[in-house]
Amino acid sequence: MAKRVLNQLLKIFLVFLAAFIVLMFTPRAIGFLFPEKAPIGYHFEILDYLAIGVGLEKLVDMEPEVPEEIEAFKNIEYKTVKGKSLQLDVFKQKDLEEKAPLLIFIHGGGWRSGKRQDYLIYLLDYAQKGYVTATISYRLKKDSIYPAAVEDVIDAVDFLFQNGDKWGYDTSRVALVGGSAGAHLAMLAAYGWENPRKRKQAPKHNVKAIVDIYGPVDMTTPYAQTQPLVTGFIGHPYNKKSELFWEASPAKYLNKDLPPTLILQGTSDNLLPPGQSDTLHTRLDRLGVANEYYRLPLWPHAMDMAVRPNKYMQKKMDAFFEQYVK
C-alpha cells in the first residue's frame, strides 16, 4: 500500500517536473525557432527571476562603460527650483560631422524613484547608431507632487530645443522616449499638456515622434484611481481632486495632429494594465494618428531589463526612428 502511494506521488512529481521544464524552456525554444517574432516571457514574475537565476535569461548591463568613440556631456543644469539643481546628460559620437536627430529619454520609477542614468543602455546604443541622445532628471514625489514632474520635463525639452547648435543635433528631428512613469511624462510633453492654473503657456515644439514603453495613459480608470503610485503622484485622493487625475492623463490631449507614436507593452504587466496601451492604440487609430503597437507576450513590467525583449524593442525603435525621425 505504502509503495503504491509512493509510486503515485513520484508520478505526480515527474509530471509536474516535466511541465515545469517545458514551461521554462519553451520561451527560448520558440525564440530560437522564430527569431523575428516577439520574444515570449514566463507570465509570472517569479518565473522571470528564476529564468534569470538559472541563466536562461540575461539582464542588460545597466551601468555600461561609455565607449571611447562617444563623448559625454554630464550634469548640465537646465533649471533650478527652490535651490535644487535639475540636470541632464547628452551623448554623441566624437566624430559626428553633421547634425543628427536627438532622442530624449525620460526614466521611470513610479514618479517617486529612478534616475536619469537608468537608461544608459539606450543612450549609448543609440549614440553609437548615429543619434545624439539626452536623458533628464525631474522632481520626484519626495520633492513635489503633480504637476512638478511634468513642468520639469517640458522645461528640459524646451532647454534642449534651444541648444541644438551647442551639442550638434537637429532640433527639427527630435523624439521623446519614456518608460513607465517616464512614458507618461513624455506623452504629456509631446501631446500638449498645459497647466490651467498658470497664465504663462508652455512653449510649443515640434516633436517628431514618441516612444511609449508601458506608460500610463488614463489616470481616471478604476484601477488608477486607487493605485498608490498614481495617488502619490497626484498628491490627493481621487474623490477629492478627480479633475487632476484627468488633467494628468495623456488621454485628455489626444487629437489628430499628434506625432507618430510607438507603443511597447508586455501582456503580463501587473503594474500597468495592458488595456491602457490597447486603448491608446485604438484611439490613435480612430484619430488617424500614425502609430505602431507591439505586445510582447507574457512579459511583465520593466521587461526591457532582460536582453531578449530589449533587443526586440530596439529593433522596433530602430525602424520607427528610421521612418519618422531620420
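The values are calculated or read from the model by the stated rules, or taken from the named source; none is laboratory data. Predicted model only: the values in this text are computed from it and were never measured. Neighbour counts are summed over all protein chains in view; Cβ atoms, including those assigned to glycine, are modelled from backbone coordinates with ideal geometry. The accessibility values were calculated without ligands, DNA or RNA, using every heavy atom of the protein model including side chains. Shrake-Rupley method; radii C 1.70, N 1.55, O 1.52, S 1.80 Å.
Mind checking whether some residue in the range 263-280 is among the acidic types (Asp, Glu) and under 16 Å from Gly41 (Cα atoms)?
Yes: the range 263-280 contains one or more residues that are among the acidic types (Asp, Glu) and under 16 Å from Gly41 (Cα atoms).
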Q) Which of the residues belonging to the range 56-74 are part of a loop (DSSP other than H, G, I, E, B), farther than 16 Å from Asp118 by Cβ and in contact (Cβ under 8 Å) with a residue 60 or more places away in the chain? A) Glu57, Lys58, Pro67
Q. For the range 169-211, how many residues are modelled with pLDDT of 95 or more, in a loop (DSSP other than H, G, I, E, B) and open to solvent by less than 40 Å² (accessible area, probe 1.4 Å)?
A. 2
Q: For the range 144-156, name all the residues that are within 16 Å of Leu88 (Cβ to Cβ) and either open to solvent by 10 Å² or more (accessible area, probe 1.4 Å) or not assigned by the TED database to the domain that holds Lys79 (or both).
A: Glu151, Ile154, Asp155
Q: Those residues that are part of a helix (DSSP H, G or I) and closer than 24 Å to Pro250 by Cα, I need them from the range 281-313; list them, please.
A: His281, Thr282, Arg283, Leu284, Asp285, Arg286, Leu287, Met303, Asp304, Met313
Q: Spot the failing condition for Thr261; the list is (1) within 30 Å of Leu102 (Cβ to Cβ); (2) open to solvent by 30 Å² or more (accessible area, probe 1.4 Å), and only one is missed.
A: (2)
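Yes/no per residue for (1) over 18 Å from Ile154 (Cβ atoms); (2) among the polar types (S, T, N, Q):
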| site | (1), (2) |
| --- | --- |
| Asp212 | no, no |
| Thr231 | yes, yes |
| Thr267 | yes, yes |
| His281 | yes, no |
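Give the range 246-257 a look and list any residue that's touching a helix residue (DSSP H, G or I) at 6+ places or on another chain (Cβ under 6 Å) and surrounded by 15 or more Cβ atoms within 10 Å (Cβ to Cβ), or say none.
Pro250, Lys252, Tyr253, Leu254
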Q.
Given the criterion touching a Ser or Thr at 6+ places or on another chain (Cβ under 6 Å) and under 19 Å from Tyr169 (Cα atoms), identify the matching residue among Phe73, Phe91.
A. Phe91
Q | Long-range neighbours under 6 Å by Cβ, at least six apart or interchain, first residue within 10 Å of Ala251 (Cα to Cα) within the range 213-225, second among the hydroxyl-bearing types (Ser, Thr, Tyr) and surrounded by 19 or more Cβ atoms within 10 Å (Cβ to Cβ) | A | Asp218/Ser249; Met219/Ser249
Q. Given the conditions (1) touching a Phe, Trp or Tyr at 6+ places or on another chain (Cβ under 9 Å); (2) open to solvent by 40 Å² or more (accessible area, probe 1.4 Å); (3) assigned to a helix (DSSP H, G or I); (4) under 15 Å from His184 (Cβ atoms), and given that Val230 satisfies all but one, which numbered condition is not satisfied?
A. (2)
Q) Somewhere in the range 111-120, is a residue more than 15 Å from Ile76 (Cβ to Cβ) and hydrophobic (A, V, I, L, M, F, W, C)? A) yes
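Matching residues to (1) of a type in the set (Val, Ile, Thr); (2) assigned by the TED database to the domain that holds Val153; (3) over 30 Å from Gln227 (Cα atoms):
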residue	(1), (2), (3)
Glu65	no, no, yes
Tyr78	no, yes, yes
Val90	yes, yes, yes
Asp95	no, yes, yes
Ile104	yes, yes, no
Ser113	no, yes, no
Leu120	no, yes, no
Q.
Restricting to the range 212-227, give me the number of residues that are in a helix (DSSP H, G or I) and open to solvent by less than 40 Å² (accessible area, probe 1.4 Å).
A. 1
Q: Within the range 56-88, work out how many residues are open to solvent by 50 Å² or more (accessible area, probe 1.4 Å) and among the aromatic types (Phe, Trp, Tyr).
A: 1
Q. Among the residues of the range 246-268, is any within 27 Å of Met305 (Cα to Cα), in a strand (DSSP E or B), in contact with a His (Cβ under 7 Å, 6 or more places away or on another chain) and assigned by the TED database to the domain that holds Glu151?
A. yes
Q. In the range 121-143, what residues are of a type in the set (A, V, I, L, M) and either surrounded by fewer than 23 Cβ atoms within 10 Å (Cβ to Cβ) or at pLDDT below 95 (or both)?
A. Ile121, Leu124, Leu140
